[in-house]
1. Scan the stretch 76-135 residue by residue and report those that are modelled with pLDDT under 95 and of a type in the set (Ser, Thr, Tyr).
2. Kindly indicate whether Met195 is more than 23 Å from Ala87 (Cα to Cα), of a type outside the set (Phe, Trp, Tyr) and either touching a residue at least 40 places away in the same chain (Cβ under 8 Å) or surrounded by fewer than 16 Cβ atoms within 10 Å (Cβ to Cβ) (or both).
3. If you go through the stretch 72-103, how many residues are among the charged types (D, E, K, R) and either closer than 29 Å to Ala194 by Cα or surrounded by 11 or more Cβ atoms within 10 Å (Cβ to Cβ) (or both)?
4. Can you spot a residue in the stretch 60-67 that is basic (Lys, Arg), out of contact with any Lys or Arg (no Cβ under 7 Å at 6 or more places or on another chain), modelled with pLDDT of 85 or more and not in a loop (DSSP other than H, G, I, E, B)?
5. Exactly one condition in (1) at pLDDT 90 or above; (2) hydrophobic (A, V, I, L, M, F, W, C); (3) surrounded by 11 or more Cβ atoms within 10 Å (Cβ to Cβ) is not met by Ala47; state its number.
6. Is it true that some residue in the stretch 104-124 is under 28 Å from Pro78 (Cβ atoms), surrounded by 13 or more Cβ atoms within 10 Å (Cβ to Cβ) and not small (Gly, Ala, Ser)?
Amino acid sequence: MRSSSWTAALLCVFALSAVANARADNLGAVGPVYPITEPDMLESIQAKLRAKQASGEIDRRNREAQARAQTFIEQPAPLAGITTVTAPRTFFFDPSVVLERDVIDQTGRVITPAGTRVNPLEKITLSRRLFFFDARDSRQVAQARAVMDRDGAGVKLVLVAGSYMDLMRKWKRRVYFDQQGELSQRLGIRRVPAMVGQEGMRLRIDELLPGGLP
């Protein structure tokens, strides 16, 4: 039973009770009781949806949502806080971390205790250099192309702004985008173009003037 029917039934019960309990000589004026009708919420929503479907509004909104998603995929928002290099600079990044908890093997034996300072470069090496650049700057795009032609598979191209999909289609080569700025923030990169490579137990970051080869 719908809520409107319940409401009408209860009102009738209350009205009849009041009449039955009243004194015969003091009934007062009793008028007709009408059911209070409430619109069915689900039917109302469905009616609005049917109207929007008929008008083409739903299809239009779906197309707009798909276009926004495609734009986000094709050209993510530029990373905030990254500018263009105006003067070359070199600095180093130490990837060492201090363990917050013991590292144990499958038997429970402690391999490396908490508090130990560990440098990942002692176990692995950065096999390819990373070239960070802004694809909105034609000088940096030409620079990235020159680096790619010179170093081939020895370099990874990483965008901080612009369309990596356009470059991948044009160059037939994988181009990465630094999602949420995880790499650039971790490495302390605030200006591009920048080349990252391993030097001993540290990573060397060279901020380069746009257009020149590192």
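The values are calculated or read from the model by the stated rules, or taken from the named source; none is laboratory data. From a predicted model like this one, the values you see are computed outputs, not experimental measurements. Positions of Cβ are backbone-derived with ideal geometry, glycine not excepted, and every protein chain shown enters the neighbour counts.
1. Ser96, Thr107, Thr112, Thr116, Thr125, Ser127
2. Spelling it out, it is not the case that Met195 is more than 23 Å from Ala87 (Cα to Cα), of a type outside the set (Phe, Trp, Tyr) and either touching a residue at least 40 places away in the same chain (Cβ under 8 Å) or surrounded by fewer than 16 Cβ atoms within 10 Å (Cβ to Cβ) (or both).
3. Initially, the stretch 72-103 is screened for residues among the charged types (D, E, K, R), giving 74, 89, 94, 100-102.
Going one step further and asking which of them are either closer than 29 Å to Ala194 by Cα or surrounded by 11 or more Cβ atoms within 10 Å (Cβ to Cβ) (or both), we end up with 74, 89, 94, 102.
Residues flagged as among the charged types (D, E, K, R) and either closer than 29 Å to Ala194 by Cα or surrounded by 11 or more Cβ atoms within 10 Å (Cβ to Cβ) (or both) within the stretch 72-103 amount to 4.
4. Narrowing the stretch 60-67 to residues basic (Lys, Arg): 60-61, 63.
Still in the list and also out of contact with any Lys or Arg (no Cβ under 7 Å at 6 or more places or on another chain): 60-61, 63.
Going one step further and asking which of them are modelled with pLDDT of 85 or more, we end up with none.
Within the stretch 60-67 (the criterion being basic (Lys, Arg), out of contact with any Lys or Arg (no Cβ under 7 Å at 6 or more places or on another chain), modelled with pLDDT of 85 or more and not in a loop (DSSP other than H, G, I, E, B)), the answer is no, since none of the residues qualifies.
5. Among (1) at pLDDT 90 or above; (2) hydrophobic (A, V, I, L, M, F, W, C); (3) surrounded by 11 or more Cβ atoms within 10 Å (Cβ to Cβ), the lone unmet condition for Ala47 is (1).
6. Initial filter on the stretch 104-124 (under 28 Å from Pro78 (Cβ atoms)): none.
The answer is no; no qualifying residue exists.
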